[in-house]
Amino acid sequence: MIKIIIDTNIAFSALLNVNSRIGQILINGNKYYSFYSPEYVRSEILKHQDKIKELSKLTNNEFLETYELIIRHITILNHTILPIKFYKKATDLCKSIDIDDTIFVAFTEYIRGKLWTGDKKLYHGLINKGFKRLISTEDLYQDFIYKEKSKK
C-alpha cells in the first residue's frame, strides 16, 4: 500500500468539494493508499474553518460532517515522533521554497511515502532539488481510477 502524506491545501480542497477528484480519492482511496498528515493540518483546518464554510457554503454541522468524512482515513502524526535528522534534511530542502512546508517533507521522508501537494511552487521546487517522493493529483487520480476499474 502506498503511503501518502497529505498537505494542508489537499485537505482544504477536499473540504471545499467532496465530489472533486481530491475529495473522492481521500474518501474512497483508503483501499489502495495509507494517508497520513502531521497534526499541523488539523489545527490549520480548524483555524480556517470560517473561511472554508464561507467558500463551500457549508453550515456548522455540514462542515463538521465533511471534516469527519475527510479526516476519517488520514492518520494524524504527532510531531514529537519525528526524529530531528528528518526535520533538518527537510529544512534544507524547503528553506528556499517555503519553510512552512518543512514538516510535510520531513514526515514524507520519515515514513518513506509520497507527498501529495497542490502547491506547484513546492512541487517544482522540490523536483528541482532532486526530491522524488512526490505525487501529483493527476497521477494519483489516474492510479486510483485504474485500481477502481481493475477491481470490477
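Taken together, the values in this text are just the output of simple stated rules run on the coordinates, not laboratory data. For clarity, every value in this text was computed on a predicted model and none was experimentally measured. For neighbour counting, all protein chains shown are included, and Cβ atoms are generated from backbone atoms with ideal geometry for every residue, glycine included.
Per-structure values
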{"quantity": "Condition met for residue 60 (touching a residue at least 40 places away in the same chain (Cβ under 8 Å), more than 22 Å from residue 123 (Cα to Cα) and among the polar types (S, T, N, Q))", "calculated": "no"}
{"quantity": "Close pairs (8 angstrom Cβ cut-off, 6 or more residues apart or separate chains): within 18 Å of residue 105 (Cα to Cα) in the range 19-46, among the polar types (S, T, N, Q) anywhere", "calculated": "34/75; 35/75; 36/75; 37/75; 39/78; 40/8; 41/8; 44/8"}
{"quantity": "Where residue 75 falls short, out of the listed (1) over 30 Å from residue 146 (Cβ atoms); (2) in contact with a Phe, Trp or Tyr (Cβ under 6 Å, 6 or more places away or on another chain)", "calculated": "(1)"}
{"quantity": "When residues of the range 107-152 are limited to those that are assigned to a loop (DSSP other than H, G, I, E, B) and in contact (Cβ under 8 Å) with a residue 24 or more places away in the chain, the one surrounded by the fewest Cβ atoms within 10 Å (Cβ to Cβ)", "calculated": "112"}
{"quantity": "Exclusive hit being farther than 24 Å from residue 122 by Cα and charged (D, E, K, R), set 88, 51, 31", "calculated": "31"}
{"quantity": "Enumeration of residues in the range 56-106 that are surrounded by fewer than 16 Cβ atoms within 10 Å (Cβ to Cβ), out of contact with any Lys or Arg (no Cβ under 8 Å at 6 or more places or on another chain) and aliphatic (A, V, I, L, M)", "calculated": "64, 69, 81, 84, 99"}
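Residue-by-condition table, conditions (1) among the small types (Gly, Ala, Ser); (2) more than 27 Å from residue 143 (Cα to Cα); (3) assigned to a helix (DSSP H, G or I):
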| site | (1), (2), (3) |
| --- | --- |
| 11 | yes, no, yes |
| 19 | no, no, no |
| 24 | no, no, yes |
| 27 | no, no, yes |
| 37 | yes, no, no |
| 43 | yes, yes, yes |
| 53 | no, yes, yes |
| 70 | no, no, yes |
| 85 | no, yes, yes |
